[in-house]
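Here is the structure we will look at.
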There are 2 protein chains.
Amino acid sequence: MAMEAMGLAQPTPPEATKFALPPGSGSGRKVVVLGAGIAGLVSTYELQRAGYDVTVLEARDRIGGRVWTIRGGDRIVQFGRAMQRAEFDDGLYLNAGAARIPATHRAILGYARRFGVKLEPFVNQNRSAGWDFAGKVHEERSMAFGIRGQIAELLAKAIDQHALDSVMPKAERDFFRGFLGFYGGLDEKGKFVNLGGSAGFATEGGAYGQSAKDLAPLSIKEILSGPAVGLPLIFDSIPDMQSSMLQPVGGMDRIADAIYQQVKARVRLSTPISAIRRTASGVRIEHASGMTEADYCICTLPLPILKRLPSDFSPAKKAAIAAAPGYQRSVKVAFESPRFWEEQDIYGGLAWTDRKNENVIYPSSDFGSPKGVLVGAYAAGWTNQDNPDAFSALSNDQQFRIVRDSIDALHPGKSALMSKPVTVRWGLTPYSEGVSPNYPGNPGNPNRPDYYPELYKAEGPIVFAGEHLSFQPAWQEGAALSAHAALELVQAMVADRAAA
Amino acid sequence: MAMEAMGLAQPTPPEATKFALPPGSGSGRKVVVLGAGIAGLVSTYELQRAGYDVTVLEARDRIGGRVWTIRGGDRIVQFGRAMQRAEFDDGLYLNAGAARIPATHRAILGYARRFGVKLEPFVNQNRSAGWDFAGKVHEERSMAFGIRGQIAELLAKAIDQHALDSVMPKAERDFFRGFLGFYGGLDEKGKFVNLGGSAGFATEGGAYGQSAKDLAPLSIKEILSGPAVGLPLIFDSIPDMQSSMLQPVGGMDRIADAIYQQVKARVRLSTPISAIRRTASGVRIEHASGMTEADYCICTLPLPILKRLPSDFSPAKKAAIAAAPGYQRSVKVAFESPRFWEEQDIYGGLAWTDRKNENVIYPSSDFGSPKGVLVGAYAAGWTNQDNPDAFSALSNDQQFRIVRDSIDALHPGKSALMSKPVTVRWGLTPYSEGVSPNYPGNPGNPNRPDYYPELYKAEGPIVFAGEHLSFQPAWQEGAALSAHAALELVQAMVADRAAA
């Protein structure tokens, strides 16, 4: 009972970049890890370091899980869809799952650095990129600094009309009002005129007498054309999306692969699990090629998989798993293409739209090289919560058409240059069946539903890990930190038994 | 007279990335170019392509002008100061002058791409970086998204108190008010509580039960501690500072050097000019090793140099040059150091302070490598207009002390790791004597003073170029575009003579 309750103990703080179990503490203990995604690989590496005898069972023929970098020749298998084979040129790739790392994600970056994985900037914001809403394309700068200017104008007006006299002492108010004009690009009368051109130029400054002409600002109505534009307008302030962000040079799978290289002998690929059983002394995992017994188990399987898997879990655990929401069924569609966007000042970053492709991602590296992989759709509910499921249901050709139309709106006539499309529907991807649980509220919402604590509670010798058991959901960081938390539970059980 | 007036003709629009003079049009014509910075190199390359016989006279023993990448072994000579020699390890460098390129600067990027110069992201914004104002250090996110939240709260309050009822129809107002809460991180009552953590976390989200705790927001008074913080708060909205930005891999001088490689035989280094003379048929340039005669001259010398140089310029031209303001006397101080900042989530980007070092620049590339060059001071008037002159006047040791103290405020105890400091005072740098003219008003102010058009007017066969003759001052783009404008004047004169 005491052990069971430990599932609710405080986990390692995320500042612990140098997590380690006591050396030799696992000697003579056997652990089976389910899943060779980030949570499973981190668990395995740390267990191996501490002297445990570890086996990892992975259903796929590759490691990485939702960290999936697709290169030329790779197969894309989806439920109920024809197999695709990516035909990208050598050196080109699509990060179909995880694609960026916030600089604050110390655990995953710690592993990247420990194993010498090279990191480069991921450009997550581009003021020159196009935003295509309500049938009109504007540069991001016109939208992002437009709304800021309009807000500043309205507040300046309120101040000038003495609406804040009682809120702020005069000296502070005067200084603030002066700042507001500067911040918003207001003229002397307090009107937003895009003074200084933050929201765009009608004419760029040039040589000799060619002065810049500021672009006429968009109205609030033009900017806030509908609810779709809300998320894009706050996107770069989302804690996990703030500059600077990183990516491994050569593909996101470099980190998973670097950990894998450390534990390769422990990993059994193409070994889907058919049941999780408890035994008198530990666990028994049943799978295609027989069974694996161990003292402990770290289960990193996503909830949609766990939901269907026969197990000896307690009724409470089963109820919690059943109660958990479905996973976000995001879709990424990518094309190989000459880099026409770089001729239009776009070096990395994102475009946004209220079309069904929602979000476009331009490559952040190898600028000036002949080709790149353009993510033409990242349908994840950014601009329409209900879109991913609907987009996922479309045929490949329908999706590709939507992307081509969107690219032609952003870059007139250029979609003709794009070729070799692939689509990855996470909802239809075996052994994932989605990206991350849609817990009610915001992704990091502290008010998780009642069943949430039960999800990460240990079941005797079985402990649980995965991004879904963290407040960094859908991030590699959450997977790595949850592995650390699970490992501490195992370690405590081992210590407990040794003391008994 | 017609020719003279052409100095006021419209220049090439900046969209022209593929500028070219008519092939063969310069055959039999001789041009002398003064200065082998970007304006001079671009001029020379384009003249050579069009068949002109070109000679470039450059005072220094290197090309590039204010594009100056300092590596181990390089000497730093400054007026009235002991010579410094940079001791950086191999592969490390300081971009002492130009250090970043806006993605919209198509002319200079066009040359970079034409000559295969590799480009990578320059990280110009970092929400994890420290801001050190009024003796307190906060993360940039707390300041940047703090002020946004406070502004949203004040405006939400005004709306809730019906201050905008007459300004906006109800439906639009309701939608806008809803957006404002989302945008600002306001709670249901419209109070800025940093909902969602954009302005920072007190506790980061972790594994299992560790939910994130939002940081308590800073007040307007805490954020707007004084005028110094104003520029940093709007910095990333300045048109030329907006994401994405670029740098050449390996040092900013890669672009200048690539152009130089095309015209190397035409360039005479270490050849300072002593006079600019007009002759019956053209120009005669007097210099240390004799004189150079030509049909035309493109003069790219900075105004402080031109001011003292004997010439046959008209009284109007001389008066305009005399009237031009002094140049910005910016200073950069850099140290070699292990990358302690990367252990604190800082991968590229800028820190800001109201101390005398003003601005800190972290390296944007080679993350995870053992060392980097940290720009510990970029004193350019960012946070105090009068500071650069005062900072420039300090001794090296005084400057290094200021930087060390500032770094210790941002990264406690870490300045001890820094070594091999150098300082580059642009005001004391021979043949530059500053960075760019301080024209009254904003840098790109369309209302340039009356003498400005006279500065770029041709003087018979002598035409003028340089960043100071553009509305992209202090940028390589301005230098390149001004060269294009000057070349068109030369071309028009040649065509005129051929027609005569």
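The values are calculated or read from the model by the stated rules, or taken from the named source; none is laboratory data. Keep in mind that what you see is a predicted model, and the values were worked out from it rather than measured. Using ideal geometry, Cβ is built from the backbone for each residue, glycine included, and neighbour counts are taken over all protein chains shown. All accessible areas refer to the heavy atoms of the entire protein, side chains included, with ligands and DNA or RNA removed. Shrake-Rupley method; radii C 1.70, N 1.55, O 1.52, S 1.80 Å.
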Q) When ligands, DNA and RNA are left out and all protein chains stay put, how many square angstrom of accessible area per residue does the protein assembly as shown have with a 1.4 Å probe? A) 36 Å²
Q | Distances in nm from B:Arg81 to the matching label points in the other copies, shortest first (labels 7 Å along Cα to Cβ) | A | 6.0
Q. Along region A:336-344, what does the Karplus equation 6.51 cos²θ - 1.76 cosθ + 1.60 (θ = phi - 60°) give for ³J(HN,Hα), rounded to whole Hz, x for Gly and Pro?
A. 8, 6, x, 7, 4, 5, 6, 6, 10
Q. R0 = 45 Å: FRET efficiency of B:Asn447 with B:Gln161, Cβ-based, nearest 0.05?
A. 0.70
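Expressed as a whole percent, how much of the Cα-Cα distance distribution for region B:307-458 exceeds 29 Å? Spell out each step's value before the answer.
On the way: 3682 of 11476 pairs.
Tail of the P(r) past 29 Å holds 32 percent of the pairs.
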(Q) Assume the label is 7 Å from Cα along Cα to beta carbon: what separations in nm does B:Asp61 have to the matching positions in the other copies? (A) 6.3
Q. Can you list the HN-Hα couplings for region A:128-141, worked out from phi with the Karplus curve (6.51, -1.76, 1.60; θ = phi - 60°), rounded to whole Hz and with x for Gly and Pro?
A. 8, 5, x, 10, 10, 10, 6, x, 10, 9, 10, 5, 3, 4
Q. Tell me, what is the percent relative contact order of region A:135-224, built from C-alpha pairs under 8 Å that lie six or more residues apart?
A. 32 percent
Q.
Semi-axes of the equivalent ellipsoid for region B:135-224, please: Cα gyration tensor eigenvalues, times 5, square-rooted, ordered largest first, whole Å.
A. 28, 16, 8
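What translational D, rounded to a whole number of µm²/s, comes out for region B:142-280 from Stokes-Einstein when the hydrodynamic radius is the Kirkwood one over Cα pairs, at 10 °C and 1.306 mPa s?
Working: Rh = 20.2 Å.
Answer, rounded: 79 µm²/s.
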**Q.** Principal axes of the protein assembly as shown: Cα extent on each, largest first, Å
**A.** 107, 64, 60
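Going down the table (A:Lys213/B:Lys18; B:Lys191/B:Lys213; A:Lys371/A:Lys414; B:Lys307/B:Lys356), which pairs top 19 Å between alpha carbons?
Details: A:Lys213/B:Lys18 23 Å; B:Lys191/B:Lys213 17 Å; A:Lys371/A:Lys414 14 Å; B:Lys307/B:Lys356 30 Å.
Table pairs above 19 Å Cα-Cα are A:Lys213/B:Lys18; B:Lys307/B:Lys356.
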(Q) Distance between the C-alpha centers of region A:153-221 and region A:242-292? Whole Å please. (A) 55 Å
Q: Compute the label-point distances linking A:Ala265 to its equivalents in the other copies; points lie 7 Å from Cα along Cα→Cβ; give nm, one decimal, shortest first.
A: 6.4
Q) For the Cα atoms of chain A, what angle does the longest principal axis make with the long axis of helix A:253-263, in degrees from 0 to 90, nearest 10? A) 20 degrees
**Q.** Helical mean residue ellipticity (222 nm; -39500 (n - 2.57) per DSSP H run of 4+; nearest 500) of the protein assembly as shown
**A.** -8500 deg cm²/dmol
Q) Of the peptides B:166-176, B:411-421, A:241-251, A:117-127, how do they stack up when ordered by the mean number of other Cβ atoms within 10 Å, highest first? A) A:117-127, A:241-251, B:411-421, B:166-176
Q. What is the local net charge at A:Trp426, summed over the other residues whose Cβ is closer than 15 Å to its Cβ (Lys, Arg +1; Asp, Glu -1)?
A. +2
Q: Calculate one ³J(HN,Hα) per residue across region B:26-31 by plugging θ = phi - 60° into the Karplus curve 6.51 cos²θ - 1.76 cosθ + 1.60, and present them in order as whole Hz with x for glycine and proline.
A: x, 3, x, 10, 10, 10
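Please compute the net charge surrounding B:Asn124, taking Lys and Arg as +1 and Asp and Glu as -1 over other residues with Cβ under 9 Å from its Cβ.
Values: positive: B:Arg100; negative: B:Asp236.
Summing Lys and Arg as +1 and Asp and Glu as -1 gives 0.
Taking all protein chains together and a probe of 1.4 Å, list A:Tyr451, B:Tyr327 from the most accessible to the least accessible.
On the way: A:Tyr451 45, B:Tyr327 10 Å².
Final ranking, largest accessible area leading: A:Tyr451, B:Tyr327.
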**Q.** Amide H within-cut-off set for A:Ala207, under 5 Å, with H built and near neighbours excluded
**A.** B:Phe471
Q. So how far, in whole Å, is the C-alpha centre of region A:345-361 from the one of region B:408-479?
A. 35 Å
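Can you tell me the FRET efficiency between A:Phe182 and A:Ser281 if r is taken as the Cβ-Cβ distance and R0 is 56 Å, rounded to the nearest 0.05?
Details: r = 70 Å, r/R0 = 1.26.
So, using R0 = 56 Å, E works out to roughly 0.20.
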Q) Once label points are set 7 Å from the Cα along Cα→Cβ at both B:Ala498 and B:Ala171, what is their separation, rounded to one decimal in nm? A) 6.4 nm
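Could you compute the FRET efficiency for B:Glu87 and B:Gln385, with r as their C-beta to C-beta distance and R0 at 41 Å, rounded to 0.05?
On the way: r = 33 Å, r/R0 = 0.81.
Rounded to the nearest 0.05, the efficiency is 0.80.
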